[in-house]
Amino acid sequence: MCESGLFYWANGCFNRLSGRSLKREIYFDNWPYSFILAQPMRNPRLHNLRKLSLSVILALFPVSAWAQSSNELIRFDRFNAFILLVVFSAAVLIYTNWAKRGKTLFLRKIPGLDAVEEAVGRATEMGRPVLFIPGIAELDEIETIAGISILGRVAKITAQYETPLMVPVRYPLVLAAGQEVVEQAYIEMGKGDAYDKDTVRYVAGEQFAFTANVNGYMMRERPATNIYMGAFFAESLLLAETGNAAGSIQIAGTARPEQLPFFIAACVYTLMGEELYAASAYLSHEPVMLGGLKGQDFVKMLLIIALVIGILLVTFGWGDTYVTWFDAV
Amino acid sequence: MRTQVPVVVAFLTGFALLVSFFFNENTWIGQISSEIKIWVTIVGGFTLLLGVVSITRVNWAAVKGRKEGWGYKVVTLISIFAMAIPAVFPSTWSPLFGRAEGSIYDWLFVYLDSPMMATMFATLAFYIASAAYRAFRARTPESTILLLTATAVMLWRVPMGEAFLNLFPGNIPEFLNTYIMNGANMAVQRGIIIGAALGAASMSLRIILGIERTYMGKG
């Protein structure tokens, strides 16, 4: 157990900010800290040098190795997450800026999203409705927001073709958001009069009551196209298999790996993980939004490099310190 | 105004949550996150009324128009109010009110709602069988590999199957556990999870920065 000059320096800053006295205890479990702190500190110049050295180490070495004291103001154990956030934000902003300037950004094809318009067209030809389920999670789930974003695009296509759309939801907050998005889509397509407020409807708050209702709808109305986009749980296969039995073309998208096999078995197209979040940007074809996707790809590339380095280090038995860098991330 | 205000609210809320993540939960900044979650619950409580209005309007319209299956809609409407109204009144008025044991709400929940939910969940077994039949048809080399792997894993997952696999030399159950489940399966799952996490973070950033407005029906 040691005390760090850097932490006293940091404490001074925080004390000025918060007016509180913060006592910190730091536990070191790797050599860089131990080496520097073991150096004599009689000379003031050396003290400054030590502070500088520790500042550099703060940026380069695992802060997660420092135990979190309950009276600390800042979570230093999450410093690595902060670095990732800064890199991620910078990448997204830089690529968005490039996209704004007109630089062409390549985006790979996502067949499931290309098929959405085709599937709605099929429903129009058959004179049957389109069923869209934005998952069964609350609006505070990012998957639900992704689902609602895609719903806006689907609603524009159904408004254009004047195809009936049915959107059952499980939570009232999702109901409010869904109604707003669908109404806006109909207005933007100049079909405000065709908008039915009951297009998006609250069905049930219970997971399986919701499923029973939607399955009943599928068997009675036989929608030509079923689109599942959002967070799904045990009901995923109940919905997708019933849709399959009803003869509907089905497109699904979820970020839950445990539900993906069910959708893959029962649907024509399945968006996996990140494709769900990319859908709104992909469908919009707006360069600014595509810039965000490219930023995400850049960070993914960095992570792949980090993974390969980690695999090599761990394989040769030198990876313990390296692995701790990613603890809080 | 209808666009600007939600974007500003999304930015402020998202930024506050981000900052809060890096502060200790004991500090007021660190507590912003839990405070916002409480607000979401409160707002969600108010919007519950929207849900009740929606479900009543849709079902009432079907009953009024004598649409196909309108009788079921009547049952739905009766069920909603039979469950909700006695639960709203205080149990001091009558032991049948409120949500305590022995109340109407509790009786309906324990003897009707829960068994029906369990029944729906139980039907999943049949759906899995039909989906597995379709997924495991050996039409291509890839689907044949999937079929063989899935058969081995399913065998290993049941005690009798594991005993059967142990009859063969080479410790097949250990092989399946190490290389299939903890190797290939976990690697693929983690790849999807990392991709999904980056996608979620990217979408969150686009929303916080106001780049993405599709969740409001804009763009």
Computed Rg/Rh for the stretch B:26-74 (Cα atoms; Rh = Kirkwood radius) stands at 1.43
Where the eigenvalues come from the Cα gyration tensor of the stretch A:147-223, what are the semi-axes √(5λ) of the equivalent ellipsoid, largest first, in whole Å? 22, 14, 9
Tell me which lysines have Cα within less than 29 Å of A:LYS300's Cα, excluding those fewer than 8 residues away on the same chain? A:LYS100, A:LYS103, A:LYS109, B:LYS218
Given +1 on the Cβ of Lys and Arg, -1 on the Cβ of Asp and Glu, and no further charges, what dipole in debye does the protein assembly as shown carry about its Cα centre, rounded to the nearest 20? 1160 debye
Between B:TYR72 and A:ILE94, what is the label-to-label distance in nm when each label sits 7 Å out along the Cα-to-Cβ direction? 5.6 nm
How large is ³J(HN,Hα), in whole Hz, for each residue of the stretch A:248-255 in order, when computed from phi with the Karplus curve 6.51 cos²θ - 1.76 cosθ + 1.60 and θ = phi - 60°, using x for Gly and Pro? 8, 7, 10, 10, 10, x, 8, 9
Give the Kirkwood hydrodynamic radius (Å, one decimal) of the stretch B:126-216, defined as one over the mean of 1/r across all pairs of different Cα atoms. 16.4 Å
Taking a ≥ b ≥ c as the square roots of the Cα gyration tensor eigenvalues, with a/c under 1.5 meaning rounded and otherwise prolate when a/b beats b/c, else oblate, which class fits the stretch B:69-117? oblate
What per residue convex hull volume, in Å³, comes out for the protein assembly as shown when only alpha-carbon positions are used? 232 Å³
Any helix of chain B counts here only if DSSP assigns it H throughout, its Cα atoms span 30 Å or more along the axis, and its mean Kyte-Doolittle hydropathy is at least -1.0, and such helices are B:32-64, B:186-208
What is the distance, in nm, between label points placed 7 Å from the Cα along the Cα-to-Cβ direction at B:ILE145 and at A:HIS285? 3.7 nm
Residue by residue through the stretch A:95-109, which ³J(HN,Hα) values in whole Hz follow from phi under the Karplus form 6.51 cos²θ - 1.76 cosθ + 1.60 (θ = phi - 60°), with glycine and proline marked x? 5, 5, 5, 4, 5, 5, 6, x, 5, 6, 10, 7, 10, 5, 6
Dipole size in debye (nearest 20) for the stretch A:111-285 around its Cα centre, Lys and Arg Cβ +1, Asp and Glu Cβ -1? 380 debye
Counting other Cβ atoms within 10 Å, keep those with at most 14, restrict to DSSP loop, and tell me which GluC sites (Glu not before Pro) in the stretch A:169-266 are left. A:GLU258
Once a ≥ b ≥ c are taken as the square roots of the eigenvalues of the Cα gyration tensor of the stretch A:111-285, is the result rounded (a/c under 1.5), prolate (a/b larger than b/c) or oblate (a/b not larger than b/c)? rounded
Accessible surface of the protein assembly as shown [probe 1.4 Å, protein heavy atoms]: carbon and sulfur percent: 66 percent
Of all the C-alpha pairs in the stretch B:173-219, what % are more than 12 Å from each other? 69 percent
Report P(r) for chain B: all Cα-Cα distances, bin width 5 Å, range 0 to the bin holding the largest distance, values in whole percent. 1, 5, 6, 7, 9, 10, 8, 10, 15, 14, 8, 4, 2, 0, 0
Label-point gap, in nm, between A:LEU313 and B:SER34 - each point 7 angstrom along Cα→Cβ: 3.4 nm
For the stretch A:195-253, what does the alpha-carbon gyration tensor say about shape, rounded, prolate or oblate, given a ≥ b ≥ c as the root eigenvalues, a/c under 1.5 as rounded, and a/b over b/c as prolate? rounded
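The values are calculated or read from the model by the stated rules, or taken from the named source; none is laboratory data. In this text the structure is predicted, and so the values were computed from the model without any measurement. Positions of Cβ are backbone-derived with ideal geometry, glycine not excepted, and every protein chain shown enters the neighbour counts. What goes into the accessible areas is simple: the full protein's heavy atoms, side chains included, and nothing from ligands, DNA or RNA. Shrake-Rupley method; radii C 1.70, N 1.55, O 1.52, S 1.80 Å.
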